[in-house]
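Undergrad: Shown below is the structure under consideration.
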Amino acid sequence: MMKRLGIGLITVLLFALMVIFAPTGMAASAEKNIILATTTSTQDSGLLDKLIPIFEKKTGYFVKTIAVGSGQAMAMGQKGEADVLLVHSPAAEKKFVEGKYGVNRRLVMHNDFIIVGPASDPAKVKGSKATTDAFKKIAAVQALFISRGDNSGTHTKEKDIWKAAQVQYEGQKWYQQTGLGMGQTLNVANEKRAYTLADRGTYLALKKRLDLPILVEGDAILLNIYHVIEVNPVKFPKVNAKGAQAFADFMVSTETQNIIKTFGVDKFGSPLFFPDAGKKVEDLGK
């Protein structure tokens, strides 16, 4: 009888210990998870596939990446559904931080946007110095233009260009929206032999399977700037503030900036992004 009681007591004690310590273990595990809301361009370019394993090995954190448009990434941040953002829509980012949704916005890198389209170039935009002129020509001949239409940083930039060109494009038959990411939108434009605005990094990563040459590039309006922003833990106490800061610090570290500097050179002969940590935005592209 005593032997049975002893075994029973041990079982009860073990179960009690599991109940006491299991939540702590689960919490500790959860603290090592980070939700990164970022853009499809950083995902499609392959940059995050290079950087995240290094970060995870270095810190012990596990990153869950959600690749959407910059607008959708910030919408997640406004609900506390992400811990850290890597986005490229400067005007919207400033509003995000001013609204106290994000903190510690830091410059990470830049590349640029380009206009690509069919080699036949029906709108004769090739070589246009001003991007607005190219957009005017596309509208004038009603050449098919494929837009992401997803409230991403790329889509926002495109709308800014249409506005600057003073062109009415919404509702026009020649203007079509995919609601998809950059890689998929490039594929649609390729299939339909249409023009589109793309970031150079994603375009170069997919260039081998595209028949869309670069037609317009180099205009100052086409600069594409990326920042990392930590979601505000004061507004959203459940976010992983330590993990978010660790990731943000990693993105602007010398080690990561050096990786960004050479990423893509071996495949494309030039980098897909240019590292900018510590620089001023007004000095970029000079």
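Bear in mind these aren't lab numbers, they're just calculated from the coordinates by the rules spelled out. This structure is a prediction, so every number in the text was calculated from the model and none was measured. Glycine gets a Cβ as well: all are built from the backbone with ideal geometry, and neighbour counts include every protein chain shown.
Undergrad: Spelling out what I want: for every residue of the stretch 44-51, take phi, set θ = phi - 60°, compute 6.51 cos²θ - 1.76 cosθ + 1.60 (Karplus), and round to whole Hz; glycine and proline get x.
TA: 3J(HN,Hα) across the stretch 44-51, in whole Hz: 5, 6, x, 4, 5, 4, 7, 7.
Undergrad: Right, here's the next one. From the phi of every residue in the stretch 259-266, what ³J(HN,Hα) in whole Hz does the Karplus formula 6.51 cos²θ - 1.76 cosθ + 1.60 yield, where θ is phi - 60° and glycine or proline is x?
TA: 5, 4, 4, 10, 5, x, 4, 5
Undergrad: Follow-up. Please give the charge dipole size of the stretch 112-222, origin at the Cα centre, charges +1 on K and R Cβ atoms and -1 on D and E Cβ atoms. Round to the nearest 20 debye.
TA: Dipole size: approximately 240 debye.
Undergrad: So what is the relative contact order of the stretch 34-119, in percent, for Cα pairs below 8 Å that sit 6 or more residues apart?
TA: Reported as a whole number, the value is 34 percent.
Undergrad: Do you know the Lys pair count in the stretch 188-283 for C-alpha distances under 23 Å, with sequence separation 8 or more or different chains?
TA: Number of lysine pairs found: 8.
Undergrad: Which whole-number value in Å³ per residue fits the convex hull of the alpha carbons of the chain?
TA: 173
Undergrad: Right, another one. Once amide H atoms are built 1.01 Å from N in the peptide plane, which residues 5 or more positions from Ile34, or in another chain, come under 5 Å H to H?
TA: Correct list: Phe62, Val63, Lys64.
Undergrad: How would you classify the stretch 112-222 from its alpha-carbon gyration tensor, with a ≥ b ≥ c the square roots of the eigenvalues: rounded for a/c under 1.5, else prolate if a/b is greater than b/c, otherwise oblate?
TA: rounded
Undergrad: Treating the beta-carbon of each Lys and Arg as +1 and of each Asp and Glu as -1, no other charges, what is the dipole magnitude of the stretch 99-176 about its Cα centre, to the nearest 20 debye?
TA: Magnitude of the dipole: close to 200 debye.
Undergrad: Another question, if that's okay. Counting only helical runs of four or more DSSP H residues, what would the 222 nm mean residue ellipticity of the chain come to if each run contributes -39,500 (n - 2.57) and the total is spread over all its residues?
TA: Taken over the chain, the calculation gives -13500 deg cm²/dmol.
Undergrad: Turning to a different aspect of this structure: How high is the relative contact order of the chain, given as a whole-number percent (alpha carbon pairs under 8 Å, six or more residues apart)?
TA: Relative contact order comes out at 26 percent.
Undergrad: Can you work out ³J(HN,Hα) from phi for every residue in the stretch 100-114, in order, using Karplus 6.51 cos²θ - 1.76 cosθ + 1.60 and θ = phi - 60°, giving whole Hz and x for Gly and Pro?
TA: The phi angles translate into 6, 7, x, 9, 6, 6, 10, 5, 10, 6, 8, 9, 9, 8, 9 Hz.
Undergrad: Would you work out the relative contact order for the stretch 112-222, in percent, from Cα pairs under 8 angstrom that are 6 or more residues apart?
TA: The normalised contact order for the stretch 112-222 reaches 47 percent.
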